[in-house]
Amino acid sequence: MNKVITRLTTLLLLVGCHGAKSKIASPDGRTKLYFSLTEAGEPAYSLTFDGEELIPLSRLGLTTTENDFTTGLTLVGVEKSSYDETWEPVWGQFAEIRNHYNSLTATLKAPEGEELRIEIRLFNDGMGLRYLLPGEGKAAITGERTEFRMGDDYLAHWMAGSDDDAEFDYMHTRLSEITPETMQQSAGRVRGLMPCGVSTPVAMKSTATGNHLAIHEAALWHYPGMALSWENERACFTSALAGDEGVKSEVELPFSTPWRTVIVGDRAGSLVESTLVLNLNEPCKLGDTSWIKPMKYVGVWWEMHLKVSIWDRDGAYPHCASTENVKRYIDFAAENGFGGVLVEGWNVGWGRGERFDYSTPYPDFDMEELARYAESKGVELIGHHETYANVANYEEQMSDAFAYYEKHGVNSVKTGYVGRIAGHKHYDRWMVDHYNRTVVEGAAHKLCIDIHEPIHSTGICRTYPNLMSAEGMRGQEWQAWNSGNSIDHNPTLPFTRNVAGAMDFTPGIFDLRYHNTINKAASTANGKVNPDYDYKYFVNSTLAHQLAQYVVFYSPIQMAADLPDNYRQHDDALQFIRDVPVDWATTRCLEAEIGDYVVTARRDKYSENWYVGGITDGQARSVTLSFDFLEQGRRYEATLYRDGEKAGWESYPTDYVIEKSEVSANDKIDILMAPGGGFALQLRPIEQ
């Protein structure tokens, strides 16, 4: 449960006038924000960090069918306040989170006489800004002008912006190099692409100072998702709301928009360690949260991507979700201490042109027997609901489908939205409401949610912690059946997609070239060579890199994604996945360069054990790991899983070494990461 430990609040009311300028600083004084009206009556702000103007004067505003709150405004007054509390998340990267900020709320009046309030909160790790429409009745929001002008031609790590897709390649360019051509290079295809826009979070580095910043949003409710349009001439990002032209969102008054966020810090790791997005969300609304359980899980998912089996029952391949096959995975999960088994393809509707039925299993899937068998083994079934973009069909059945899972003791469900949604975009207001409804409705049935093809995460898991994880990027599956991910993709994710929230990447592939899977099983179907699979794809990392993902990538549910037989061939490496937690007391990003490499350390929430993970791109790197984060005066048993001498993502990816030693807080070790490689380290205190 969320627990407020301390809370301090002070209020100061300043009555202003047209043209007045106000300033607030973060609690530590390093970040400063200046708010004012331009001569044209346009609300505007600027943001500095450690004396560097990261965001020069940038305009703000909102439009409705009745009012234009972007120009000709007068300042009615400014209210300043301070707030300080510490709260405990149900799960997360930290056992306690401090919510400490100074705020400014400006009340503005349009020429028509209506009021708009702009609230800004300044934390040590950045800024949150939102619009508040007071009054009663309804308002139809037609547009938003939130600008983020850039103080320099920063090095940017970005992905093409779309209101219908989030599985693009990351680009690493100067801001001035964001063009329609590089947008197309990121997207690879045009699918609802916004002209000259980028998705959020977008991360940037000031090469002049080494300061970092990332732009995103928080607390997305009753509003379309936001991308960012880019104007090269003005060096300016501007909010771009998903959906068709016209009314973007009809809202009940009073109404507060989602927060527009800027995370700041003096190193790349500041973005990983930030809690700003969570702090801008409301506290937990659930009373009993004991049923929400972080876990590691296995499932039939990967074998279907490799065509060992298949979702539907077409006769060409074995059906993945047969009672017999699922029992094999339940046995494997029980043997290795994994909490759940994800079962996809279990319900009627996977054939072409069929309508999904979320409460009717295929004849070879015995829900009652599998629920009984899983419970007897101390394992949970994890359900699956694919919509194939027929969201209306899912809406009709959702309540009954969730009740069906609740009846059979299924505690979690993975949802999916592959395809184009009739009449809507994935991130418009209607779909945002749908995604959020699955979370709220799921909570009513004590059901945890993992969303694939989701709206980007915005921290609402603080309010509804049954929203455990989401996809929203090119995950591991792209290594199985497409062109794969670029070699710098993984060292980029902790500073972009994972900044938004928990990320279901599905790590832990051990058969990296599919030698034991495709060549022996998926190459044939009914005794014939499979003509649909060309086998040219593989996972472009080493096995040690796969282990490190359990520390570097954050999610309270982590899949051991490979097939049981492939894990049995590397049982010594599997031990790290057995041991590594998914719920943490604290997190520290020790060393990083976005897109190149990252080293992250986390302490277990329920023990004094530490875990460290490091990954690199296609370049071999040596890192000097200092153990100064450990408790002084204690010695620790260190178990290191690292790349072997021949290891590399292009050759010998399963060459790894496991070494044991003793270390203390005063020690340092050098670790070599192979090209596409990494390392994973477990540190256990030695009792004296």
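The values are calculated or read from the model by the stated rules, or taken from the named source; none is laboratory data. Keep in mind the model is a prediction, meaning the values are calculated, not measured. Here the Cβ is made from the backbone with ideal geometry for all residues, glycine too, and neighbour counts use every protein chain on show. In case anyone asks, the SASA skips ligands and DNA or RNA and just uses the protein heavy atoms, side chains included. Shrake-Rupley method; radii C 1.70, N 1.55, O 1.52, S 1.80 Å.
Which ones in segment 46-87 are without any contact (Cβ under 8 Å) to a residue 40 or more places away in the chain, outside any strand (DSSP E or B) and either open to solvent by less than 60 Å² (accessible area, probe 1.4 Å) or over 17 Å from ASP28 (Cα atoms) (or both)? Passing the criteria: THR71, GLY72.
Yes/no matrix, rows are residues, columns are (1) open to solvent by 20 Å² or more (accessible area, probe 1.4 Å); (2) of a type in the set (S, T, N, Q); (3) under 27 Å from SER483 (Cα atoms):
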residue: ILE178; (1), (2), (3): no, no, yes
residue: VAL198; (1), (2), (3): no, no, yes
residue: PRO201; (1), (2), (3): no, no, yes
residue: SER206; (1), (2), (3): no, yes, no
residue: GLU217; (1), (2), (3): no, no, no
residue: ARG234; (1), (2), (3): yes, no, no
residue: GLY246; (1), (2), (3): yes, no, no
residue: SER256; (1), (2), (3): yes, yes, no
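Would a scan of segment 435-452 turn up a residue that is assigned to a strand (DSSP E or B), in contact (Cβ under 8 Å) with a residue 24 or more places away in the chain and over 14 Å from the mean Cα position of the chain (by Cα)? Checked against the condition, which is being assigned to a strand (DSSP E or B), in contact (Cβ under 8 Å) with a residue 24 or more places away in the chain and over 14 Å from the mean Cα position of the chain (by Cα), segment 435-452 yields at least one hit. The residues listed here are TYR550, TYR567, TYR611, TYR606; of these, the one that is part of a loop (DSSP other than H, G, I, E, B) and not aliphatic (A, V, I, L, M) is TYR606. Pairs meeting the criteria (first residue in segment 638-649 and farther than 22 Å from ILE686 by Cα, second residue assigned to a loop (DSSP other than H, G, I, E, B) and among the acidic types (Asp, Glu), beta carbons under 6 Å, at least 6 apart or on different chains) are GLY644/ASP655; LYS646/ASP655; ALA647/ASP655.
Just one of the listed residues (ALA242, ALA227) is surrounded by 22 or more Cβ atoms within 10 Å (Cβ to Cβ), in contact with a Pro (Cβ under 6 Å, 6 or more places away or on another chain) and within 29 Å of THR179 (Cβ to Cβ), and it is ALA242. Can you tell me which residue in segment 639-663 is farthest from GLY508 (Cα to Cα), limited to those that are surrounded by fewer than 16 Cβ atoms within 10 Å (Cβ to Cβ) and polar (S, T, N, Q)? Across segment 639-663, the extreme among qualifying residues is SER661. Of the residues making up segment 672-688, those that are under 15 Å from PHE627 (Cβ atoms) and surrounded by fewer than 20 Cβ atoms within 10 Å (Cβ to Cβ) are ARG684, PRO685, ILE686.
Inspection of segment 188-195 identifies no residue that is in contact (Cβ under 8 Å) with a residue 40 or more places away in the chain, assigned to a loop (DSSP other than H, G, I, E, B) and out of contact with any Ser or Thr (no Cβ under 9 Å at 6 or more places or on another chain). For segment 442-464, a residue qualifies if it is of a type in the set (A, V, I, L, M) and farther than 22 Å from ASP400 by Cβ, and the qualifying residues are ILE455, ILE460.
Yes/no per residue for (1) of a type in the set (A, V, I, L, M); (2) touching a Phe, Trp or Tyr at 6+ places or on another chain (Cβ under 8 Å); (3) at pLDDT 95 or above; (4) assigned to a strand (DSSP E or B):
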residue: VAL90; (1), (2), (3), (4): yes, no, yes, no
residue: PHE94; (1), (2), (3), (4): no, yes, yes, no
residue: LEU104; (1), (2), (3), (4): yes, yes, yes, yes
residue: PRO111; (1), (2), (3), (4): no, no, no, no
residue: ILE118; (1), (2), (3), (4): yes, yes, yes, yes
residue: ARG121; (1), (2), (3), (4): no, yes, yes, yes
residue: LEU129; (1), (2), (3), (4): yes, yes, yes, yes
residue: ALA140; (1), (2), (3), (4): yes, no, yes, yes
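More than 30 Å from ARG578 (Cα to Cα), touching an Asp or Glu at 6+ places or on another chain (Cβ under 7 Å) and assigned to a loop (DSSP other than H, G, I, E, B), is that true of GLY349? So GLY349 fits the description; yes.
Listed residues GLY409, GLY459; which is surrounded by fewer than 18 Cβ atoms within 10 Å (Cβ to Cβ), touching a residue at least 12 places away in the same chain (Cβ under 8 Å) and either in contact with a helix residue (DSSP H, G or I) (Cβ under 6 Å, 6 or more places away or on another chain) or not in a loop (DSSP other than H, G, I, E, B) (or both)? Lay out the reasoning, then the answer.
Working: GLY459 fails: surrounded by fewer than 18 Cβ atoms within 10 Å (Cβ to Cβ).
Matching residue, one of GLY409, GLY459: GLY409.
Taking the criterion of being at pLDDT below 95, among the small types (Gly, Ala, Ser) and crowded, with 17+ Cβ neighbours inside 10 Å, no residue of segment 412-424 qualifies. In this structure, ILE263 qualifies as among the hydrophobic types (A, V, I, L, M, F, W, C), under 19 Å from the mean Cα position of the chain (by Cα) and open to solvent by less than 20 Å² (accessible area, probe 1.4 Å). For the structure I just gave you, tell me whether VAL440 is surrounded by 18 or more Cβ atoms within 10 Å (Cβ to Cβ), of a type in the set (Val, Ile, Thr) and either within 27 Å of VAL277 (Cα to Cα) or at pLDDT below 95 (or both). No: the conditions fail for VAL440.
Just checking, which of ALA592, ALA585, ALA573 is in contact (Cβ under 8 Å) with a residue 24 or more places away in the chain, among the hydrophobic types (A, V, I, L, M, F, W, C), open to solvent by less than 60 Å² (accessible area, probe 1.4 Å) and part of a helix (DSSP H, G or I)?
Details: ALA592 fails: part of a helix (DSSP H, G or I); ALA585 fails: part of a helix (DSSP H, G or I).
ALA573 is the lone residue from the list that is in contact (Cβ under 8 Å) with a residue 24 or more places away in the chain, among the hydrophobic types (A, V, I, L, M, F, W, C), open to solvent by less than 60 Å² (accessible area, probe 1.4 Å) and part of a helix (DSSP H, G or I).
Can MET398 be described as open to solvent by less than 40 Å² (accessible area, probe 1.4 Å) and in contact with a Pro (Cβ under 7 Å, 6 or more places away or on another chain)? No.
Close contacts from segment 339-355, counting a first residue that is among the aromatic types (Phe, Trp, Tyr) and a second that is at pLDDT 95 or above, with Cβ to Cβ under 6 Å and a gap of 6+ residues or different chains, come to TRP346/ALA321; TRP346/PRO361; TRP346/PHE365. Of the residues making up segment 294-329, those that are open to solvent by 30 Å² or more (accessible area, probe 1.4 Å) and at pLDDT 95 or above are PRO294, GLU324, LYS327, ARG328. Counting residues in segment 376-383 that are in contact (Cβ under 8 Å) with a residue 12 or more places away in the chain, open to solvent by 10 Å² or more (accessible area, probe 1.4 Å), out of contact with any Phe, Trp or Tyr (no Cβ under 9 Å at 6 or more places or on another chain) and under 28 Å from GLY92 (Cβ atoms) gives one or more. Look at (1) within 30 Å of VAL251 (Cα to Cα); (2) out of contact with any Ser or Thr (no Cβ under 9 Å at 6 or more places or on another chain); (3) among the β-branched types (Val, Ile, Thr) and you find that VAL379 fails only one, number (1). Being open to solvent by 40 Å² or more (accessible area, probe 1.4 Å) and either hydrophobic (A, V, I, L, M, F, W, C) or closer than 26 Å to ARG474 by Cβ (or both) is the filter here; which residues of segment 443-455 pass it? Listed by number, the list holds a single entry, ALA444.
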